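A.B. asks: Here you go, one structure.
The values are calculated or read from the model by the stated rules, or taken from the named source; none is laboratory data. In this text, all values refer to a predicted model and were calculated from it rather than measured experimentally. Note that each Cβ is placed from the backbone with ideal geometry, even for glycine, and that neighbours are counted across all protein chains shown. We work out accessible area using only protein heavy atoms, side chains counted, and drop any ligands, DNA or RNA first. Shrake-Rupley method; radii C 1.70, N 1.55, O 1.52, S 1.80 Å.
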Amino acid sequence: MKNTIADLVKHAVKTLVAAGRLPAGLPEPEISRSRQEGHGDFSTNFALAAAKAAGRPPRTVAADLAAAMGGSDLIDRVELAGPGFLNFFLKPRAFQQIVRDILAQGNDYGRQTPRSHKVLLEFVSANPNGPLHVGHGRGAAYGDSLGRLLSWAGYEVVREYYVNDAGRQMDILALSVWVRYMQVRGHALDVPENGYRGAYVGAIARTLADVAGAGLERAPQDILVAPPGLEADVIMDVRIERLKEALGAHYETLHGHGLKAMLADIRDDLADFGVHYDRWYSERTLMQSGAVERAMERLRASGDLYEDQGAQWFRATRYGDEKDRVVVRENGVTTYFASDIAYHLEKCERGFDTLIDVWGADHHGYVPRVKGALAALGHDPARLEVLLVQFAILYRAGVRAQMSTRSGDFVTLRELRAEVGNDAARFFYVLRKSEQHMDFDLDLAKSQSNDNPVYYVQYAHARVCSVFRQLAERGLPVPDYTTVDLEWLTAPEEWALQKALARFVDVLTEAAEVREPHQIAYYLRDLAAHLHAYYNAHTFLGAEAPLRAARLALIAAARQVLANGLAILGVSAPESM
RNA sequence: GCGCCCGUAGCUCAAUGGAUAGAGCAACGGCCUUCUAAGCCGUUGGUUGCAGGUUCGAUUCCUGCCGGGCGUGCCA
């Protein structure tokens, strides 16, 4: 709808330029939705923006523009206001057409025509060394909603989860599982302080004991050594090395068991949350395929790699990073960053127009080096959009809760979902702008109270469903939406509801553009408010036939847009509550 | 120290550089003989952290302070 108005204004500007009333080369006119009733439905500040270039006062430019607008079957009238705004008042017919479109297109209303723009969306990608916690939940809800939103906006979206199944953190998990396994087998060992201590480690150990029997038992004193004078991290490395030596080929059994168990857990958790991926991309597979070496070779060839202190460094400072970064350690092992370079190179080569990474805000310092690597490899770093999701700070009983995977002291996403429900959790998460720090009040979220805005929106949907159930019970006919006369809709609440419906596509398009699914959530709340106000002010079934038909068409349209909007957020639209 | 994010009503948060900064919760007062009261209507609530600057116009952009979060690994 906004675009339609924009086209009319652009045409008028073109006419004025051709007539010599305005200079050429003016900025594109911008159309915005009026916030206030008295300012019409849309407005443009074009005259204010063009006044200087035109060398005339804004109001005279605006008057010219208004005169050049000509007639339209959408616009009722144009008013010149304030310092030079042009306000457009639309005809009822414009909104009635929206209602008809919604009812005709149903579940697809709002879906934009495909635009042949391929997006690779990577999100969550949490290390598989523990269950997802509520912090990951925010990334999951945001990333998934963004994916759905982009699809609705016409983008071709591929969703990916990058699995960090190589590296030290996974070795630490393996060691932690092994210790618990030994406990299961009757050995009295303590879990190392800097190992993973959560209860899930014990669960993995028990299933490991079931399949491996005594096969992985080794003398603890050979492995859990504690050489004096070494830092905890170094001791951990020594122990991992000892464990690998002691287990030999069986280490893979241990490592693989932990990995498989965690991945399955994460995958199920996300699936239950309504989050699905097209591909789970394994870092180990990437390394084994030689892609990492190939990427390093290309950097070496372009002179972006150098050796220092026995390690290989990527010359990140050449591309705006604050320091150079190690890609191959002194011991010859590539770093996580090296894998990530290869992964992002591979993403580029798969032919996506845009790469979107959703990261936790703690990784923000990582952005320049990845973009730098892409630049070094001859790809435009602007193709990579890194969207940072700020931490959710948890409060339990008014006290800030700790979030540590290591200690196992955290609230899992699964726990949250069980207590709050998927719908409330998703809506709650996505109600905040991603880069906004978020206070997550667990007691409030878990309280199942009416404070949670998701019920407000869902209730609006359920209410309309209820009206249609009553309609059937009273033996009244469902109106034919193709012939219904919407001119009967004249009440202020009806007018307001139609206008709210007309905003949907504009909101969707804009939200996708700026990667902000929260705009959908706020829109839905606003739409629901109009529906509730309407519901309370008028009866639908009690009205005379033609008016009843028109009203039913309107609320049916509202129900449809509520359902479609909720679908974008991955939230259900219940028929009764 | 340096870098990134944030600072808006008592609380949690919105607001493509636009006109009188908005919701929810909390507080207060009304509305169920009628399609679901998980709802509606109304009232109260603000120096947009502070100080400058750019602009016809700044919550929004720039600079400097203040406060909070995160980062600043040959961890991932």
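A.B. asks: Hull surface divided by four, with the convex hull built on the Cα atoms of chain A: how many nm²?
C.D. replies: For chain A, averaging the hull's shadow over all directions gives 34.1 nm².
A.B. asks: Counting Lys and Arg as +1 and Asp and Glu as -1, what is the net charge of the other residues whose Cβ lies under 15 Å from the Cβ of A:Met577?
C.D. replies: Local net charge: +1.
A.B. asks: Further question on the same structure: Where does helix A:134-152 land angle-wise versus the long Cα axis of chain A, in degrees 0 to 90, nearest 10?
C.D. replies: With rounding to tens, the tilt is 50 degrees.
A.B. asks: Follow-up question, since we're still on this one. Counting heavy atoms of the protein chains only and a 1.4 Å probe, report the per residue accessible area for the range A:47-133 as a whole number of Å².
C.D. replies: The answer is 45 Å² per residue.
A.B. asks: Can you give the angle from 0 to 90° between the axis of helix A:545-568 and the longest principal axis of chain A, with both taken from C-alpha atoms, to the nearest 10?
C.D. replies: Between helix and principal axis, roughly 20 degrees.
A.B. asks: While we're on this one: A:Leu230 to A:Ala567: FRET efficiency via 1/(1 + (r/R0)^6), r the Cβ-Cβ distance, R0 41 Å, to the nearest 0.05?
C.D. replies: 0.15
A.B. asks: Over the range A:168-264, average the accessible area per residue using a 1.4 Å probe and give it in Å², no decimals.
C.D. replies: Solvent-accessible surface per residue comes out at 47 Å².
A.B. asks: Per the 1.4 Å probe, what fraction of the accessible area of the range A:2-90, in percent, lies on carbon and sulfur atoms?
C.D. replies: Reported share for carbon and sulfur atoms: 52 percent.
A.B. asks: Roughly how many Å² is the accessible area per residue of the range A:537-577, as a whole number, for a 1.4 Å probe?
C.D. replies: 33
A.B. asks: Size of the dipole of the range A:1-48 about the Cα centre, Lys and Arg at +1 and Asp and Glu at -1 on the beta carbon, nothing else charged, in debye to 20?
C.D. replies: In total the dipole reaches around 100 debye.
A.B. asks: If you don't mind, there's one more thing I want to ask. Count the lysine pairs in chain A whose Cα atoms sit under 15 Å apart, keeping only pairs 8 or more residues apart in sequence or on different chains.
C.D. replies: For chain A, qualifying lysine pairs total 7.
A.B. asks: Specify which residue in the list A:Tyr481, A:Val184, A:Leu305 is farthest towards the positive end of the charge dipole of chain A, using unit charges on the beta carbon of Lys, Arg (+1) and Asp, Glu (-1), about the Cα centre.
C.D. replies: Result: A:Tyr481.
A.B. asks: Assuming a ≥ b ≥ c are the square roots of the Cα gyration tensor eigenvalues, decide whether the range A:337-394 counts as rounded (a/c under 1.5), prolate (otherwise, with a/b larger than b/c) or oblate.
C.D. replies: Taking the square roots of the gyration eigenvalues as a ≥ b ≥ c, the range A:337-394 is prolate.
A.B. asks: Given the options A:Gly398, A:Ala226, A:Gly147, identify the residue whose Cα lies farthest towards the positive end of the charge dipole of chain A (+1 on Cβ of Lys, Arg; -1 on Cβ of Asp, Glu).
C.D. replies: Checking the options against the dipole of chain A, the answer is A:Gly147.
A.B. asks: Okay, moving on. Going toward the positive end of the dipole of chain A, with +1 on Lys and Arg Cβ and -1 on Asp and Glu Cβ, which of A:His344, A:Val78, A:Leu120 do you reach last?
C.D. replies: Checked the options; the winner is A:Val78.
A.B. asks: Which value at 222 nm does chain A reach when only helices count, each DSSP H run of 4 or more adding -39,500 (n - 2.57), with the total divided by all residues and rounded to the nearest 500 deg cm²/dmol?
C.D. replies: -16500 deg cm²/dmol
A.B. asks: Could you pull out the trypsin sites (Lys or Arg not before Pro) across the range A:293-400 that fall in loop regions by DSSP (anything but H, G, I, E, B) with no more than 14 other Cβ atoms inside 10 Å?
C.D. replies: A:Lys323, A:Arg329, A:Arg350
A.B. asks: On the accessible surface of the range A:168-264, probed at 1.4 Å, how many percent belong to carbon and sulfur atoms?
C.D. replies: Here it works out to 52 percent.
A.B. asks: Right, here's the next one. Relative contact order for chain A using alpha-carbon pairs under 8 Å, separation at least 6, rounded to a whole percent?
C.D. replies: It rounds to 16 percent for chain A.
A.B. asks: Moving on. In degrees, nearest 10, range 0 to 90: what is the angle between the Cα axis of helix A:168-184 and the longest Cα principal axis of chain A?
C.D. replies: Approximately 60 degrees, to the nearest 10.
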